[in-house]
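Structure, as structure tokens:
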Amino acid sequence: MAGSADGVVAADNNGDDVATTRRRTSIYVTERDMLSIISSDRFSVPVTMSTKKYTYYRGRHAATVITLRFNVTSPDYSVAFMSRNVIHVLDEHFSLQMFLTCCADYDFVLRKSNSNSYYIWQANSNRARYNETNEVTMNFTHANVKRFCEEAAQVSVPDLELNFLSSDCIIDRLLAITISFIF
């Protein structure tokens, strides 16, 4: 599994000074640029994994976060694939019956209403504030992990779009299911 958590920076390709200025500040991209970005390895490999240690993370001192990003556009993606990979990673790091704090979130493409401007929304890098109600504490069993993955895969786009009502954006497409384990 490969891993990276870099943000995506947008750019216009008009070639003039105004476009150069916008390139530094714009977060929206054209459809062509969006398609190019989402075809990169970051968004096309079936799964990426990252492990990061934090001095302070969401109210916890000395926290470690394992993040698995499952790209739903990959031909290898399925809920069973996701469950197998999560169980494999957790088996390597934890013993059964341990309590785990986990959360599921989503990467997707936003589109400005009535326009062809797009923004790549990444679960762990675009949130201004974190909502602890998204976290679940569960006893680590393979059955619990499988159930957690099945529930994470039940994506309700209308529910996710409620977060963007004031931004005049709609969700154009789902890119990935992002599952994090905090310990």
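Structure notes:
- Any hit, the stretch 44-65, residues being surrounded by 15 or more Cβ atoms within 10 Å (Cβ to Cβ), touching a residue at least 24 places away in the same chain (Cβ under 8 Å), under 13 Å from Phe181 (Cα atoms) and β-branched (Val, Ile, Thr): yes
- Considering residues of the stretch 69-106 that are buried (at least 16 other Cβ atoms within 10 Å of the Cβ) and of a type in the set (Phe, Trp, Tyr) only, the residue modelled with the lowest pLDDT: Tyr106
- Test: residue in the stretch 28-42 that is under 17 Å from the mean Cα position of the chain (by Cα), among the polar types (S, T, N, Q) and loosely packed, with under 15 Cβ neighbours inside 10 Å: yes
- The requirement of being among the aliphatic types (A, V, I, L, M) and closer than 20 Å to Ile27 by Cβ is not satisfied by Leu96.
- Test result for Ala63, of a type in the set (Gly, Ala, Ser), modelled with pLDDT of 90 or more and not in a loop (DSSP other than H, G, I, E, B): no
Each row is one residue, and each column tells you yes or no for (1) exposed (fewer than 13 other Cβ atoms within 10 Å of the Cβ); (2) in contact with a helix residue (DSSP H, G or I) (Cβ under 6 Å, 6 or more places away or on another chain).
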position	(1), (2)
Ala143	yes, no
Phe148	no, no
Glu151	yes, no
Leu162	yes, no
Ile171	no, yes
Leu175	no, yes
Ser180	no, no
Phe183	no, no
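- Residue satisfying all of: in the stretch 130-141; hydroxyl-bearing (Ser, Thr, Tyr) and either out of contact with any Phe, Trp or Tyr (no Cβ under 9 Å at 6 or more places or on another chain) or surrounded by 14 or more Cβ atoms within 10 Å (Cβ to Cβ) (or both); modelled with the highest pLDDT among these: Thr141
The values are calculated or read from the model by the stated rules, or taken from the named source; none is laboratory data. Given the structure is predicted, the values throughout are model-derived calculations rather than measurements. Here Cβ is always computed from backbone atoms with ideal geometry, including for glycine, and neighbour counts include all displayed protein chains.
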